[in-house]
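Scroll down for the structure; my scribbles are underneath it.
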Amino acid sequence: MKDKALSKFYVKIGGMSCSFCVESIKKAYSRLDGVKSVNVSLSHEEALITYDPSKVSKGVLEKTLTDLGYTIRDSRRVKAIEEQEKELYTAKKYLIVTGTFTLISLIFMILMWTGIRHAWFKWIMLTLATVTMFSPG
């Protein structure tokens, strides 16, 4: 009968990148008095915390997460599929441009390794590296 007094806190988490993040979040919430269970999904970047609202508040749960350095995303604001496809298309274009510049740089490096050197090679390499770093990449 005690379980009826428990509440659930569902949160979308920003900034998780590895299993260490998951364990850090689980450990931090498990140390709080009133938290009964913690389930964190790295692949979905979300957590479900079952807690006793008489012992710990939702605000404390949110602050615990932000104190760890993660952000709380608005779960109601899910990106539309069209927006995600647009982002993927843009990322693909950047990948192709960056890959092309990197391949051209590799060709120039191979030429220099084989003994074919020109004074202007270094300027082309610098330009390609700069464009790769500060434009798409």
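The values are calculated or read from the model by the stated rules, or taken from the named source; none is laboratory data. Predicted, not measured: the structure shown is a model, and the values here were computed from it. Every residue, glycine among them, receives a Cβ derived from its backbone with ideal geometry; neighbour counts consider all protein chains shown.
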Residue pairs within 8 Å by beta carbon, gap of at least six or interchain, first lying in segment 45-74 and in contact (Cβ under 8 Å) with a residue 60 or more places away in the chain, second of a type in the set (D, E), listed first then second, are I72/E62; R73/E45
Residue count, segment 107-125, condition in a helix (DSSP H, G or I) and loosely packed, with under 11 Cβ neighbours inside 10 Å, comes to 4
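Of the residues V56, V60, which is part of a loop (DSSP other than H, G, I, E, B) and surrounded by 13 or more Cβ atoms within 10 Å (Cβ to Cβ)? Break it down into steps so the answer makes sense when it comes.
Details: V60 fails: part of a loop (DSSP other than H, G, I, E, B).
So the residue among V56, V60 that is part of a loop (DSSP other than H, G, I, E, B) and surrounded by 13 or more Cβ atoms within 10 Å (Cβ to Cβ) is V56.
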A careful count of residues in segment 1-45 that are modelled with pLDDT of 90 or more, within 17 Å of D67 (Cβ to Cβ), in contact with an Asp or Glu (Cβ under 9 Å, 6 or more places away or on another chain) and in a strand (DSSP E or B) gives 2
